[in-house]
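**Q** Submitted below is the structure of interest, expressed as structure tokens.
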Amino acid sequence: MVAGTVSFRDRAPSRSTATDATVRHLEPERGRIKLSKNMSLTGRSAFHLLAKPTGAICNLNCRYCFFLSKEDLYPGSSFRMSDELLETYLAQYLDSQMGPEINIAWQGGEPTLMGLDFFRRAASRANALKRQGTRVLHTMQTNGVLLDDEWCTFFAENDFLVGLSIDGPREMHDAYRVDKGDKPTFDKVMRGLSLLQKHRVEVNVLTTVHAANAGHPAQVYRFLRDQANARFIQFIPIVERKNTTGFQEGSEVTERSVTGAQFGAFLNGVFDEWILHDVGTVFVQMFDVALAAWAKQPTGLCVFSETCGNALALEHNGDLYSCDHFVEPKHRLGNIKKRHMALLANGDQQRKFGRHKLDSLPKQCRECDVRFACHGGCPKDRFIETSDGEPGLNYLCDGYKAFFRHVDGPMKEMTELLTRGRPPAEVMRARRATRPDDVPP
């Protein structure tokens with residue numbers, strides 16, 4: 001499991017939420033904690049949840065994975081979500097979400113280790129528990145190693161969006177994404193991708209940016225576009241803290257981590273290729289988020305929102321945590337077997353967690369010209385000091401500033417096209433005219 005989740009576009013987490021919802025009163029019903037349907041819940045926030053049915057257990061040993069160490073939080077556990085907890089989770093989550101489409105997200109560890117029958121039961125129970133007129137969608141983030149025709153047929157039949165982790169061409173992917181025997185995984189992952197595409201499963205590719213691929217933006221992007229045939233791509237920076245706990249502690253990072261300058265240069269390199277050839281045909285999450293910011297629309301991504309706290313993580317035993325990146329004892333909100341998840345997600349502890357992102361923003365960030373697009377980035381990466389010694393600056397600050405300033409002109413052009421009812425892809429025309437030798441690949 002890597003630091004990120006599926007990019008939903010039409011399945012944005014912010015759409016599968018309880019925006020005008022229901023209720024605070026808890027009542028027992030057949031042994032299940034349930035929200036009453038006859039009371040209003042004032043000030044309730046929408047939330048999205050990543051369920052981890054295998055906890056931190058994975059069949060790979062990716063050297064940069066921040067989640068493998070979470071196994072130590074549950075000594076002696078089987079690391080398998082029980083059918084009883086599955087029922088509780090689905091009932092509470094579907095009870096909490098009031099949009100016409102509700103997205104159920106599966107992650108890990110590696111969720112396919114639960115076996116296909118578990119997800120057959122999950123899909124069946126979700127359909128049985130959903131409200132009339134509600135559409136249930138599923139997403140799964142996987143390394144793809146265990147996929148076969150049976151899995152992919154199931155995904156296609158049950159409207160799953162699958163996020164697949166690929167770090168670029170073979171040598172870059174295999175630099176850190178290895179199995180438990182330290183063997184390369186590229187061929188197995190590409191086989192999984194081929195099966196997903198064969199069965200016409202909707203796929204998003206998640207690519208981490210790290211020391212082994214950060215210097216090759218065009219090569220990585222062209223591989224994903226031309227060889228992996230990816231049309232929806234996320235780039236996730238690897239910022240791996242150097243400590244013994246696996247928590248978000250310390251100010252040193254590993255040699256595998258990307259630097260801020262490297263990440264900014266990587267994004268700029270990909271953007272320069274994309275803006276010439278692929279606007280409207282290849283969707284890169286970072287570029288979608290930037291366009292939303294320039295268009296003064298919600299980004300839909302917590303990393304670049306003013307506050308956070310609406311994307312929670314559910315462990316295999318029912319423990320609910322403030323965030324996937326903060327599965328740590330001090331950020332445990334409670335257990336959904338004892339208290340309804342909607343109340344935990346809207347409790348004082350979680351509200352404080354989400355507000356802290358804004359409240360702790362350094363002066364340097366508050367006065368920055370790209371604050372409107374960045375908002376300080378993810379709190380997990382805000383562990384260095386500003387130039388005047390104030391804590392809380394994002395480790396990737398230099399990269400974010402370089403990227404957002406680099407794309408300012410094109411983003412303004414695309415925003416203007418949108419206001420005129422024109423497709424943003426028209427931005428490519430003038431650039432191609434000035435670079436006639438750079439024809440589309």
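The values are calculated or read from the model by the stated rules, or taken from the named source; none is laboratory data. Quantities reported herein were computed from a predicted structural model and do not represent experimental measurements. Here the Cβ is made from the backbone with ideal geometry for all residues, glycine too, and neighbour counts use every protein chain on show. Heavy atoms of the whole protein, side chains included, go into the accessibility calculation; ligands, DNA and RNA do not. Shrake-Rupley method; radii C 1.70, N 1.55, O 1.52, S 1.80 Å.
**Q** Over the heavy atoms of S257, what accessible area does a 1.4 Å probe trace out, to the nearest 10 Å²?
**A** Answer for S257: close to 10 Å² accessible.
**Q** Oh, and also: Using a Gaussian network model of the chain with C-alpha springs under 10 Å, which one of Q234, Q350, Q219 is most mobile by mean-square fluctuation?
**A** Residue with maximal mean-square fluctuation among Q234, Q350, Q219: Q219.
**Q** Want the number for K242 to D369: 0.36 nm per residue separation, take away the alpha-carbon distance, what's left?
**A** 42.6 nm
**Q** Roughly how many percent of the accessible protein surface of the stretch 222-340 is carbon and sulfur, given a 1.4 Å probe and a whole-percent answer?
**A** Roughly 49 percent of what the probe reaches on the stretch 222-340 is carbon or sulfur.
**Q** Something else now. Divide by every residue of the chain the summed helix terms, -39500 (n - 2.57) for each DSSP H run of at least 4, and state the resulting mean residue ellipticity at 222 nm, rounded to the nearest 500 deg cm²/dmol.
**A** That comes out to -9500 deg cm²/dmol.
**Q** On to the next question. When only DSSP loop residues count, what trypsin sites (Lys or Arg not before Pro) in the stretch 199-256 have their Cβ near at most 11 other Cβ atoms within 10 Å?
**A** Here the trypsin sites (Lys or Arg not before Pro) that fit, given the DSSP loop and packing criteria, are R200.
**Q** Moving to a separate point now. Using 11 Å as the cut-off for backbone N distance, which residues of the stretch 227-259 belong to the label zone defined by a point 7 Å from the Cα of K330 along Cα→Cβ?
**A** 248-250
**Q** With a point put 7 Å past each Cα toward its Cβ, work out how far E426 is from K198 in nm, to one decimal.
**A** If labels sit at E426 and K198, their model points lie 4.3 nm apart.
**Q** Cα to Cα, under 19 Å, and not fewer than 8 places away if on the same chain: which lysines meet these conditions relative to K412?
**A** Straight-line reach from K412, under 19 Å: K296, K401.
**Q** Could you give the accessible area per residue of the chain, probe 1.4 Å, as a whole number in Å²?
**A** So the chain comes to 42 Å² accessible per residue, rounded to a whole number.
**Q** Then there's this: Straight distance only, please: which lysines reach the Cα of K70 with their own Cα at less than 21 Å, same-chain residues fewer than 8 apart left out?
**A** Candidates past the 8-residue exclusion: K52, K180, K242, K330, K337, K380.
**Q** With springs only between Cα atoms under 10 Å, which of A175, A311, A425 fluctuates most in a Gaussian network model of the chain?
**A** Fluctuation is largest for A425.
**Q** DSSP loop chymotrypsin sites (Phe, Trp or Tyr not before Pro) in the stretch 248-335 with at most 15 other Cβ atoms within 10 Å of their Cβ, which ones?
**A** Sites meeting the loop and neighbour criteria: none at all.
**Q** Oh, and also: Picking from A342, A295, A105, which is most flexible by a Gaussian network model of the chain using Cα springs under 10 Å?
**A** A295
**Q** While we're on this one: Among the Cys residues of the chain, which have no other cysteine Cβ under 4.7 angstrom away?
**A** C58, C152, C323, C365, C368, C374, C378, C397
**Q** Give the carbon-plus-sulfur fraction of the accessible surface of the stretch 366-434 in %, rounded to a whole number; probe 1.4 Å, heavy atoms of protein chains only. Each step should come with its number before you reach the end.
**A** On the way: 1760 of 3460 Å².
Its accessible area is 51 percent carbon and sulfur atoms.
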